[in-house]
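Notes for the one structure printed next.
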Amino acid sequence: MTDKRIENVIIVGGACAGYTAAVYAARADLEPLVIEGFQWGGQLQNTTEVENYPGFPEGIMGPELMNRFRAQAERFGTRFITDDATRFELTDGGIHSVWVGDDEYRARTVILAMGAQPKRLGIPGEMELGGRGVSTCGVCDGAFFKGRDVAVIGGGDTAMEDSIFVSKYADRLTVLHRRDDFRASMVMQDRARETANIDFKTPFVPEEFVAGDDGALDHVRIRNAESGDVEELKVGGAFVAIGHIPGSELVAGQVDLHDNGYVKVEEPSTRTNLAGVFAIGDLVDFTYRQAITAAGSGTRGALDAEWYLRDTPPTDEERIEAAEEAAEAV
């Protein structure tokens, strides 16, 4: 099925960036259509208490924050498709198509907001103890572990950055890495090694996150990658910091990507290499990756789309199809 309507804007992705873009686009009377995904809400949907989002001094649960974002967008007339986009056909200044299964939706502008997902270790207890001691964001959750012994798993800059940040709250912090050498830049390694309460434990591979009697993380079972010896590392928190995977696979080969898979934009705008296609949030941002920065990016994306529509006259195809729609409505 192909919907004859040509939308002003289709936003693909339902989380901080996508919903914020929808609020702005809807208030600009652009009647946005959000293809929010079957599992909408992004990473915050799997987060417990959020204490660093402005306006909530007592904190707010991640799913509740996403519900409020979505409700605010809906209040101003945003329409939603709670399913996943499966294919894109993006043009350079023409009509863009986004498919959900066999259904095609067309628009003059598309805002890509598919986000990024943290890479997982894939070991027992990792998902089960999410929010109960296991985290993928040191900046988001570090303050919850004040005075505890914690572990950071990874060997890149993300792991070093998380370690330095979380060490301000933790009593002792152990960096676990499967090799003796690290991918992190030397400046980041040096900063971590110079931090008094950070230790390094290599070459060890985590094999299981184990809960205590209270249901929260009690220790990590780790194996020496060389000798095979197994140990238990007693910690109250563990941060998996092995990188993120941007949700750009469906637009690869159409919009320009960085080597790491994140979408390139013409900073400080959200414009991609294709006219009428914009990208926002964690799909673009491999530096900050915070809810508030994603929301700010969503604002920019909606404004960029609005200005593009204002300054770009409709094509002949759009005029013809608009006339056909009007005729059918009579």
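At a glance:
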quantity	calculated
Residue count for the stretch 91-124, restricted to those that are free of Cβ contacts under 8 Å to residues at least 40 places away in the same chain and either on the phi < 0 side of the Ramachandran plot or of a type in the set (A, V, I, L, M, F, W, C) (or both)	2
Given (1) part of a helix (DSSP H, G or I); (2) closer than 13 Å to ALA238 by Cα, number of the condition GLU126 does not satisfy	(1)
The stretch 196-246, subset closer than 29 Å to GLY13 by Cα and modelled with pLDDT of 95 or more, residue farthest from the chain's Cα centre (by Cα)	ALA238
Hits in the stretch 248-284 - residues which are touching a strand residue (DSSP E or B) at 6+ places or on another chain (Cβ under 8 Å) and among the acidic types (Asp, Glu)	ASP256, ASP282
Some residue of the stretch 7-19 being surrounded by fewer than 22 Cβ atoms within 10 Å (Cβ to Cβ), more than 30 Å from GLU328 (Cβ to Cβ) and assigned by TED's automatic domain parsing to the domain that holds ARG108	no
Single match in ARG79, ARG108 (criterion: at pLDDT 95 or above, out of contact with any Lys or Arg (no Cβ under 6 Å at 6 or more places or on another chain), within 30 Å of LEU257 (Cβ to Cβ) and surrounded by fewer than 19 Cβ atoms within 10 Å (Cβ to Cβ))	ARG79
Those residues of the stretch 288-304 which are at pLDDT below 95 and either among the basic types (Lys, Arg) or within 23 Å of ILE10 (Cβ to Cβ) (or both), in sequence order	ARG289, ALA291
Test result for ILE35, among the aliphatic types (A, V, I, L, M) and over 23 Å from ALA291 (Cβ atoms)	no
Residues that are closer than 18 Å to ARG179 by Cβ, aliphatic (A, V, I, L, M) and not in a strand (DSSP E or B), drawn from the stretch 191-241	ALA192, ALA225, ALA241
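The values are calculated or read from the model by the stated rules, or taken from the named source; none is laboratory data. If you're wondering where the values come from, they're calculated on a predicted model, not measured in any experiment. Note that we place each Cβ from the backbone using ideal geometry, even for glycine, and neighbour counts take in every protein chain shown.
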